[in-house]
1. Considering only residues that are outside any helix (DSSP H, G or I) and either within 13 Å of the chain's Cα centre (by Cα) or among the charged types (D, E, K, R) (or both), which ones fall in the range 50-73?
2. Return the pair list, or none, for Cβ contacts closer than 8 Å from residues in the range 30-59 that are over 22 Å from PRO90 (Cβ atoms) to residues that are hydroxyl-bearing (Ser, Thr, Tyr) and surrounded by 14 or more Cβ atoms within 10 Å (Cβ to Cβ), at least 6 apart or on different chains.
3. Residues in the range 38-49: is at least one under 10 Å from the mean Cα position of the chain (by Cα), at pLDDT 95 or above, part of a helix (DSSP H, G or I) and not β-branched (Val, Ile, Thr)?
4. Residues of the range 8-32 being over 14 Å from SER55 (Cβ atoms) and assigned to a strand (DSSP E or B), which ones?
Amino acid sequence: MKDGLQITKSNEGKVTILHLTGALDAVGEETVLAFARDVYDAGSRFLILDLANVSILTSAGMRAMHKVFKMFTPREEMYKVHHVKLCRAPQELYQSLGVTGFLQNIPSYETLQEALDSFS
């Protein structure tokens with residue numbers, strides 16, 4: 001596997017899923033932002049970040065996820081509709097996201113299917 005962050009994309013109905021593999025850090029920040037911008041510009045408005053294979057999450061990675069959240073979430077829907085969701089975060093990452101308060105704005109699900117079902 002290459003160093004850095006690798007991203008693959010899949011779609012389930014109206015939802016785009018970004019499967020992240022590797023380090024979501026300062027180097028990976030620009031990668032995830034560029035990828036998210038591309039899918040947003042292509043018309044996607046609902047996104048799941050699959051964190052199952054993220055090995056490292058730094059503050060820069062959290063900043064990137066927050067920027068993606070802001071990109072996909074219209075201001076008037078900020079507290080009404082979740083346009084971005086997380087799934088399958090490894091326990092260590094999940095704990096970091098919880099301690100920092102990150103999960104107050106972006107919901108996280110144990111499985112990809114639960115995250116997909118939550119858009120119904």
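The values are calculated or read from the model by the stated rules, or taken from the named source; none is laboratory data. Since the model is a prediction, treat every value here as computed from it, not as a measurement. No Cβ is skipped: glycine too gets one built from the backbone with ideal geometry, and neighbour counts run over all protein chains shown.
1. First, the residues of the range 50-73 that are outside any helix (DSSP H, G or I): 50-58, 73.
Once the filter is applied, which keeps residues that are outside any helix (DSSP H, G or I) and either within 13 Å of the chain's Cα centre (by Cα) or among the charged types (D, E, K, R) (or both), the range 50-73 yields ASP50, LEU51, ALA52, ASN53, VAL54, LEU57, THR73.
2. Hits for this filter: VAL39/THR16; SER44/THR16; PHE46/THR16.
3. For the range 38-49, residues under 10 Å from the mean Cα position of the chain (by Cα), at pLDDT 95 or above, part of a helix (DSSP H, G or I) and not β-branched (Val, Ile, Thr): absent.
4. THR8, LYS9, SER10, ASN11, GLU12, VAL15, THR16, ILE17, LEU18
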